[in-house]
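Notes for the one structure printed next.
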Amino acid sequence: GTLPSDGMRAPSKRSEITREWLEHILTQYENQTHPGTKVVIKGFKLQDGMQSGEGYQSQMFKADIEAIVSRPPDGDNPAQEESQYQLIIKLLSSDPVDHLLAKTMRMTKREFEMYSEVIKDLNAFQEINGNDQFRLKLPKLIYGKCINDEFVLVMENVKVNGFKNVSVNNGLNLQQMLCAIEDLAKFHAVSYAYNQKHKFLDIYPCYKVDNTTSWIFTWHNTLFLDTVITYIKDKSEFKDISEKLENIKDELFIKYKEEVQLASNSQVTCLTHGDFWTNNILFKNVENNKNKDMWNAHIIDWQLANWNSPLLDLHNVLQTSTSKEFRKTHLEDVLQFYHSTFHDAVTVMGASLDRWTYEEFKKEYDSYMLYGLFRGLMIVQFVLSDFMKIIKPVNIQKADSNPYLEKIGRKWTKYLVLKRINPDNEREMYLSNSLWTKYLVQEMIEGKNQEMINWVIGIIMEAEEKGLFENDYSRKVNNDNKSGIKTKQM
């Protein structure tokens, strides 16, 4: 699809974001509300929209634009005026592996449909059925295109209005977490209620969980437990837990994959974000006279959205975006707040929700703790590692470098993704990634990144305290998940 329809090719790299193209999309945007409008750009500034280590599946740019907007005369309104636009332009990654993965796993289609159709549809539904109490907030879409090998999203840059990311290193505080959880619960509830009346996946089938996509991500996440085991095996203070993990890691991998496979058939399913954590939430402090720690939020980056258990999103944000101490103190408060917000919203919109008391909800949440463990270890190492920032730099200009190498890269990537990334070649894939896992371990052993070490050890020790590494837990998880399938609500 494309929004709106046009014949101008979307840019694939920075050098293709031209004055002509910007005038073209802004003219189309203005014509949606004022037909006959023409936009002429006086000047624009283009900058990288991400810092080093961010943006593993896309290119992102900030565009600050000064323009003259000419409209047909309309009463007392001026026919011509100066206007400024602050935009975020999102393209496919310049990395051929990421590029092909995004297309193969329908990540571009999911995000395009989310901004162009899904959120509008869900907001219209909640406006009618929920008195507009549960409106979903995303940056405004200015222009989008997703056809064949073309993909671009142009959105308002909400950061100029005070929205910003919270530092991954610090994690979220309680008020920020409650703000994010409230928006998440409302999003889940609206899609859940919508589905009871309109059958969401019949309208938007691309959000159905894809087994190949699910397998790629679960396999990838398991690598990060191996790095931790390798790091702690020679440290006397972790001798017992190291031996335990070495003995049961294969069983943990199997149980983790079972959790992921069973999640889409769990008791309550809805549209989920799929990658809900600090980097994908923009916060704005809206302090007032009563409370100086009040926040608004925008949720971004919808490439991994899918129809699944809402509890996976909860594990994602709690395990990746809060400290062990935060979870020890506030986990119960956060879960109760989510459950009550979801339950109240669903009730207002007239949807049925049987057999999901807080006790049942909490039991189901506990049954996905291995998912939280693996996601937490992956995100923390991926984001806090100095090595990972080096191998994924945001030097977008390099995408314009050598067409011959790009051609070779595309051919190799096609082979890699279509031939080697599949369950039959798991061992070969594991060995092919041994180099960068080796460097992750080396970074921890050298002790130069104590912050990452502290986060990783915190996740491991919390899992040990909760009994995730005991054989009886694995059996319990399996039984709980199987019972969840029997009571699934449609």
Phi-based couplings in Hz for the stretch 17-32 (Karplus 6.51, -1.76, 1.60; Gly and Pro marked x): 7, 9, 4, 4, 5, 5, 4, 4, 6, 6, 4, 5, 4, 5, 6, 5
Note, ³J(HN,Hα) from phi for the stretch 320-332, Karplus 6.51, -1.76, 1.60, rounded to Hz, x at Gly and Pro: 9, 10, 9, 7, 4, 5, 4, 5, 5, 8, 10, 4, 4
Debye-sum result for the stretch 226-353 in log10 I(q)/I(0), which assumes one identical scatterer on each alpha carbon, at q = 0.14, 0.21 Å⁻¹: -0.90, -1.41
For the stretch 149-226, the spread of Cα positions along each principal axis, largest first, Å: 41, 38, 33
More than 16 angstrom apart: percent of Cα pairs within the stretch 55-142: 71 percent
Rg [Å, one decimal], Dmax [Å, integer] - the stretch 314-361, C-alpha atoms: 12.8, 38
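No lab work stands behind these numbers, since they all come straight from the coordinates. The shown structure was predicted, so the numbers you read here are calculated from the model rather than taken from an experiment.
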